[in-house]
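Before any comments, here is the structure.
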Amino acid sequence: MPKPTSTRSSTDDRDDWHMSRAEGLALRGVALAHPNPLVGAVLVKGNRVVGEGFHDYDRRDHAEIVALKQGRKKARGATLYVTLEPCCTTGRTGPCTKAIIAAGVKRVVVSMRDPNPAVSGKGLAELRRAGIKVRLGVREQVARRYNEDFAIWIQTGRPLVTLKTALTLDGQIAQKAGSITWITSQQSRDAVQRLRHEADALLTGIGTVLADNPRMSDRTGEPRRRPLLRAIVDSRLRTPLRSNLVRSAQKDVVIFTTQSPDSANARALIRAGVEVFRVTARQGRVDLHAVIRELGRRQILSVLLEAGAQLNGAALQAGIVDKMILFYAPKIMGTGGVPMASIPARWFAKSPALQNLTVKPCGLDFVVQGYFRDVYER
């Protein structure tokens, strides 16, 4: 039989290689770029890299501009690889499209359209009108994954909410209510620290605070532009003043409650450096939709929900969870344990199914990840 012929060209391979390099640059902006997206750019002339960059919010310049400044006159006639559609609007900086055109770039290769409605498709159209060749969609799925939080926030004003938990094969997260149970391996715990570093905020409930007394910190040691916001859902303001969260508060702990900020408990927490934020009540408890809206207003793009059965169940029933990451240990706990989520059995009939599932090993454990909705389809 004749050998199948490949439809790929050397140009395709070259574009993939340079875009992969741009992706690596984009990821250097983790915890440094928000509330802007992660973007990497590589400027190539004669198959030689003459400029590259990534976006760091505090340094202002977008990735394309960093690469163009490095390339200088070599940008004329070059190809620019960028993981996100160049902007065509004026904000903190001028439009990248105008800078690309002025530099004389001949070709632009882009991973994905900008999900920002003010830019989407318009930046590419402007480049094409200027006579620049544009190729869209190179390694698009990769770029979509690491900007999914920006996509949902820029389109809806609310953050991406990821429910993360560690559990046994029979779905237990602790041996008994109020107890601390180490379930997964050190490799999984290290992976959780990486997830915390990528997040803008952690969210937990008063039950977890009382049972585990967590710090909820980012212990990767990697730089952050903004402190990791540590948020607690505590309807009745039961958070102890001597809890690790309160004792370590440095304007990075907020408690969402239904109680008045003028109450004695609230005043004591505020004096200890904790923000007490009152939200509306729903059936006597904190309205989780109000919490998520407020976090979005604060330019929080990604929330990692690390909680117990009660808040996990409330979040799932409220429909605020977009994504789940489940660290499974190859263990069986048996009867009497605490389930991942406290949800009435009748909810099962209308429970949405996770989509786009992936299963990966993590040390002795395995990780299941999936989505309740496509964050790019708003």
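The values are calculated or read from the model by the stated rules, or taken from the named source; none is laboratory data. Note that the coordinates shown come from a computational prediction; the quantities given were computed from them, not determined experimentally. All Cβ positions, even for glycine, are placed from backbone atoms using ideal geometry, and neighbour counts span all protein chains on display. Side chains included, ligands, DNA and RNA excluded: accessible areas come from the protein's heavy atoms. Shrake-Rupley method; radii C 1.70, N 1.55, O 1.52, S 1.80 Å.
Below are the figures for this structure:
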read-out	value
Residue in the range 44-58 that is among the polar types (S, T, N, Q) and not in a helix (DSSP H, G or I) present	yes
Test: residue in the range 183-203 that is part of a helix (DSSP H, G or I), open to solvent by 10 Å² or more (accessible area, probe 1.4 Å), under 27 Å from Ala63 (Cβ atoms) and without any contact (Cβ under 8 Å) to a residue 40 or more places away in the chain	yes
Selection within the range 138-150 - in contact (Cβ under 8 Å) with a residue 12 or more places away in the chain and under 28 Å from Asp13 (Cα atoms)	Val138, Arg139, Glu140, Val142, Ala143, Arg144, Tyr146, Asn147, Glu148
Residues that are farther than 11 Å from Thr79 by Cβ, out of contact with any Pro (no Cβ under 8 Å at 6 or more places or on another chain) and not β-branched (Val, Ile, Thr), drawn from the range 101-114	Ala102, Ala103, Gly104, Ser111, Met112, Arg113
Those residues of the range 128-172 which are open to solvent by 30 Å² or more (accessible area, probe 1.4 Å), β-branched (Val, Ile, Thr) and farther than 30 Å from Arg76 by Cβ, in sequence order	Ile154, Thr156
Strands (runs of 3 or more DSSP E) contained entirely in the range 284-378, each with at least 3 residues that are surrounded by 11 or more Cβ atoms within 10 Å (Cβ to Cβ) and aliphatic (A, V, I, L, M)	302-305, 323-328
Selected residue (only one of Gln317, Gln355 is in contact (Cβ under 8 Å) with a residue 12 or more places away in the chain and more than 25 Å from Phe256 (Cβ to Cβ))	Gln355
Failed condition for Leu269, given (1) touching a residue at least 60 places away in the same chain (Cβ under 8 Å); (2) within 24 Å of Ser217 (Cβ to Cβ); (3) crowded, with 17+ Cβ neighbours inside 10 Å	(1)
Those helices (runs of 4 or more DSSP H) lying entirely in the range 66-158 with at least 1 residues of a type in the set (Lys, Arg), under 24 Å from the mean Cα position of the chain (by Cα) and under 17 Å from Ala33 (Cα atoms)	140-146
Wholly within the range 210-278, strands (runs of 3 or more DSSP E) carrying at least 1 residues that are polar (S, T, N, Q) and on the phi < 0 side of the Ramachandran plot	253-257
